[in-house]
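The values are calculated or read from the model by the stated rules, or taken from the named source; none is laboratory data. Please read all numbers here as calculations on a predicted model, not as lab measurements. No Cβ is skipped: glycine too gets one built from the backbone with ideal geometry, and neighbour counts run over all protein chains shown.
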Number of protein chains: 2
Amino acid sequence: MTLVLSNEEIGHLISMGEVIDRLDVTYHDLGNGEAQNRPRSDIYGPFRDNARYIFKTMDGMAPRFEAAAIRLNSDTIRWNVTPAGIRKDKQPTGPGGKWIGLILLFSMRTGEPLAIIPDGMIQSMRVAATNALGAKYMAPEYISTYALLGAGQQAAAQARAMLHVRPSIKEIRVFSPTPATREKLAAELAAEFGIKVIAAESAEKAVRGADLVGCATNSITPVVQLEWLEPHAHVTCVKELELGPGILGRSSLVAVHTRLDRPANYIVGEGENPIYDHDPAQGLPEEVARTRITRPENEVDLTRQIDIGELAVGRFQKPPHSSMTTFVNTIGMGLQFAAIGSLVWEKATAQGIGRDIPTDWFLEDMHP
Amino acid sequence: MTLVLSNEEIGHLISMGEVIDRLDVTYHDLGNGEAQNRPRSDIYGPFRDNARYIFKTMDGMAPRFEAAAIRLNSDTIRWNVTPAGIRKDKQPTGPGGKWIGLILLFSMRTGEPLAIIPDGMIQSMRVAATNALGAKYMAPEYISTYALLGAGQQAAAQARAMLHVRPSIKEIRVFSPTPATREKLAAELAAEFGIKVIAAESAEKAVRGADLVGCATNSITPVVQLEWLEPHAHVTCVKELELGPGILGRSSLVAVHTRLDRPANYIVGEGENPIYDHDPAQGLPEEVARTRITRPENEVDLTRQIDIGELAVGRFQKPPHSSMTTFVNTIGMGLQFAAIGSLVWEKATAQGIGRDIPTDWFLEDMHP
């Protein structure tokens, strides 16, 4: 039987701690050359009404778990002009106003499709789990103060993940621009972990004095500045654009999720070769294009830093004690979905959760 | 509803002529920059018992049909040593001794998954249809004699496809090493098309004097030699290795299916970057590796020839009248599966054929 699950079921099946542990051994395998990825690619359809249909895929193979997976997204992205600049929104174009993101999990032993599951819950957990593993390997062992910039779903996931790898954290300072939002998350985290959680009035107030600084925002401009940081701080982010000038350059160690840090874009009308520096605002009307976001020049070349696999197996020069370190969670890897997808499948199968499709529907007796 | 079909159902739904016509307009779109591909990639698992698990994917987008697709194969390949050399066999490792090759079709309008169907029938038809389109654009318009090298399922498909684009063919000469096999196909084709079909005693006898020479074999050594060919012959093949020395060099026009003619191989243990010249026998025991097949040096660089899209829109120098031309069907494109998959879906939906899965099982209300 090929298993189908919902995001809600997946959320009940796996804990953040299990996801972190699963990715930890998987990144060890990656660092040891015992796991593999096919990096993300995006095909961009024609530009219509400020929007493009985008078909995104990434593949991964986790031999330890006898699992291969593809994660795919079938979305229309619309570029909306807002007072704050251009906002890129994934449209819920599916029937009933839903999104389409799927993970297909295959057995490396039999080749058969084991599961077809949505990507939302795993997506949210794997980003936080990966930042937490960066902190596990790079942050000082005993830290007590954690500044969390952002108060959305991803920020909440980051807090849960960081507390798993650094249970020594005694204080969290949450900042996001809307007071009600930061106060709500602060209250939630305080109740969940029984530690001091402050809703900070500014990013600077949250960051000053913190041992660990985590950015988990949708911002495409810096949310943290170098001069606010402690000399021993570990900084972690969900995208490079969140970091102020000089942070990467001043860090004694910068690690990335993957050095292949940009998707290969195949754009209708742009020929057969992939484009790695695709301006997402391409095709926008002129008045919109003028305000478009451009990626800043890096002071540090992310494609030459150590990656999460090397971090996991310790293949790097340990930074000097009490020096600043930074982890940049570059783009996702299919391997994450093979690792976590197979965990979900194992647990769902053991517990009898989910809906079944006859696997025979997906097999063929004709040589492909 | 998301549609599921079998190869048999697909075979009844679409004709070779429809597949050729569908690919023809799709290749026009490709040539005009109105369709797009993400080229094939293969992830190779660890080498065990002369075999590797391989996860192969390719994506394509056909805006004319509002369709995006991924085609994937989840296979174990075994390298067997035979008296004739190394034979690469896809193992039917799935439950019931079956293979796993799937096409997932998505709507570019709603993003939803329209169909999940096996790849076998479409795979077999699209190879033949593509060679036929090469002949449509490159072969002399009025040809009467067709040499067909090979007598398997693909050879039969090639004959059907060629007769669709060149109904002027009055004689087919079939050669394959086993007399019974070539005689069987010759009898079948004669009955099907009511034309003269000869089972030739040698490849040379089949080829001498032929206007059109089609190779559709599993051979990894040449099956046709330059000196057998007429000066005006159009030569077509399912892989470059079938062509004798000098054929590409002597052709006044060489066209390829895609210039991106080798898959990107991501091999466990070989780092994060793709390998384009992966020796498939890599990892074989020494006695086997010694007899391994190496790809010959090209006299003509296939990555610099015109491709099927340029052929379809006429963006090439017409070859001199009565000069030799060659079409090399390099690796597959995801675009083929988007084009033919959407044709299959349209026809199956109109006729009420197939099994349904609730599409809602594959949608999510959580932002991915």
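Every listed requirement among (1) facing chain A (nearest Cβ under 9 Å); (2) not in a strand (DSSP E or B) is met by B:HIS28 save one, (1).
Would you mind stating whether A:THR258 is of a type in the set (Ser, Thr, Tyr) and either under 27 Å from A:ARG315 (Cβ atoms) or crowded, with 21+ Cβ neighbours inside 10 Å (or both)? Criteria met by A:THR258. Considering (1) surrounded by 24 or more Cβ atoms within 10 Å (Cβ to Cβ); (2) farther than 30 Å from A:GLY101 by Cα; (3) aromatic (Phe, Trp, Tyr), the lone condition that B:TYR142 does not fulfil carries the number (1).
A quick yes/no check of all residues on (1) among the hydrophobic types (A, V, I, L, M, F, W, C); (2) under 25 Å from B:THR258 (Cα atoms); (3) facing another protein chain (nearest Cβ under 10 Å):
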residue: B:ARG64; (1), (2), (3): no, yes, no
residue: B:THR76; (1), (2), (3): no, no, yes
residue: B:TRP79; (1), (2), (3): yes, no, no
residue: B:THR82; (1), (2), (3): no, no, no
residue: B:THR110; (1), (2), (3): no, no, yes
residue: B:ILE116; (1), (2), (3): yes, no, yes
residue: B:GLY120; (1), (2), (3): no, yes, yes
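Table: residues versus (1) touching a residue at least 40 places away in the same chain (Cβ under 8 Å); (2) not β-branched (Val, Ile, Thr).
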| residue | (1), (2) |
| --- | --- |
| B:ASN80 | no, yes |
| B:ASP89 | no, yes |
| B:THR93 | no, no |
| B:GLU112 | yes, yes |
| B:PRO118 | yes, yes |
| B:VAL127 | yes, no |
| B:ASN131 | yes, yes |
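Somewhere in segment B:8-29, is a residue in contact with a Pro (Cβ under 6 Å, 6 or more places away or on another chain) and touching a residue at least 40 places away in the same chain (Cβ under 8 Å)? Write out each step before concluding.
Residues of segment B:8-29 that are in contact with a Pro (Cβ under 6 Å, 6 or more places away or on another chain), as a first pass: none.
Looking through segment B:8-29, none of the residues is in contact with a Pro (Cβ under 6 Å, 6 or more places away or on another chain) and touching a residue at least 40 places away in the same chain (Cβ under 8 Å).
Checked against (1) facing chain B (nearest Cβ under 7 Å); (2) closer than 16 Å to A:LEU3 by Cα; (3) not polar (S, T, N, Q), A:GLY94 passes all but a single condition, namely (2). What's the number of the only condition in (1) touching a residue at least 40 places away in the same chain (Cβ under 8 Å); (2) surrounded by fewer than 17 Cβ atoms within 10 Å (Cβ to Cβ) that B:VAL207 fails to meet? It fails just one condition, (2).
Tell me which residues, restricted to segment B:324-358, are farther than 16 Å from B:ALA68 by Cα, at pLDDT 95 or above and not aliphatic (A, V, I, L, M).
B:THR325, B:THR326, B:PHE327, B:ASN329, B:LYS347, B:THR349, B:GLN351, B:GLY352, B:GLY354, B:ARG355, B:ASP356, B:PRO358
Taken over segment B:333-357, the criterion of being out of contact with any helix residue (DSSP H, G or I) (no Cβ under 7 Å at 6 or more places or on another chain) and either basic (Lys, Arg) or in a loop (DSSP other than H, G, I, E, B) (or both) is satisfied by B:MET333, B:GLY352. Please indicate, with yes or no, whether at least one residue in segment B:140-148 is out of contact with any His (no Cβ under 9 Å at 6 or more places or on another chain) and modelled with pLDDT under 95. Taking every residue of segment B:140-148 in turn, at least one turns out to be out of contact with any His (no Cβ under 9 Å at 6 or more places or on another chain) and modelled with pLDDT under 95.
Table: residues versus (1) more than 28 Å from B:HIS257 (Cα to Cα); (2) within 24 Å of the chain's Cα centre (by Cα); (3) free of Cβ contacts under 8 Å to residues at least 12 places away in the same chain.
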residue	(1), (2), (3)
B:ALA139	no, yes, no
B:SER144	no, no, no
B:ALA155	no, yes, no
B:ALA161	no, yes, no
B:HIS164	no, yes, no
B:SER202	yes, no, no
B:LEU212	no, yes, no
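May I ask you to list the residues in segment A:97-106 that are in contact (Cβ under 8 Å) with a residue 12 or more places away in the chain, within 8 Å of chain B (Cβ to nearest Cβ) and part of a strand (DSSP E or B)? Within segment A:97-106, A:TRP99, A:GLY101, A:LEU102, A:LEU104, A:PHE106 meet the criteria. Please determine, by comparing only the residues of segment B:4-45 that are among the β-branched types (Val, Ile, Thr) and farther than 28 Å from B:ALA159 by Cβ, which one is surrounded by the fewest Cβ atoms within 10 Å (Cβ to Cβ). That would be B:VAL4.
Quick one: is B:GLN153 within 14 Å of another protein chain (Cβ to nearest Cβ) and either surrounded by fewer than 19 Cβ atoms within 10 Å (Cβ to Cβ) or of a type in the set (A, V, I, L, M) (or both)?
Numbers: within 14 Å of another protein chain (Cβ to nearest Cβ): yes; either surrounded by fewer than 19 Cβ atoms within 10 Å (Cβ to Cβ) or of a type in the set (A, V, I, L, M) (or both): yes.
Here the answer is yes, as B:GLN153 does meet what is asked.
Do we have B:ASP59 as surrounded by 23 or more Cβ atoms within 10 Å (Cβ to Cβ), of a type in the set (Asp, Glu), in a strand (DSSP E or B) and within 18 Å of the chain's Cα centre (by Cα) here? Yes. Residues that are within 14 Å of chain B (Cβ to nearest Cβ), small (Gly, Ala, Ser) and under 23 Å from the mean Cα position of the chain (by Cα) number at least 1 in the following strands (runs of 3 or more DSSP E) confined to segment A:224-269: A:264-267. You will find that of A:ASP89, A:ASP59, the residue that is among the acidic types (Asp, Glu) and either farther than 26 Å from B:PHE362 by Cα or within 9 Å of chain B (Cβ to nearest Cβ) (or both) is A:ASP59 and no other. A count restricted to segment A:45-101 and to residues that are within 21 Å of A:TYR266 (Cα to Cα) and not charged (D, E, K, R) stands at 21. For B:ILE172, the requirement of being surrounded by 15 or more Cβ atoms within 10 Å (Cβ to Cβ) and under 24 Å from the mean Cα position of the chain (by Cα) is met.
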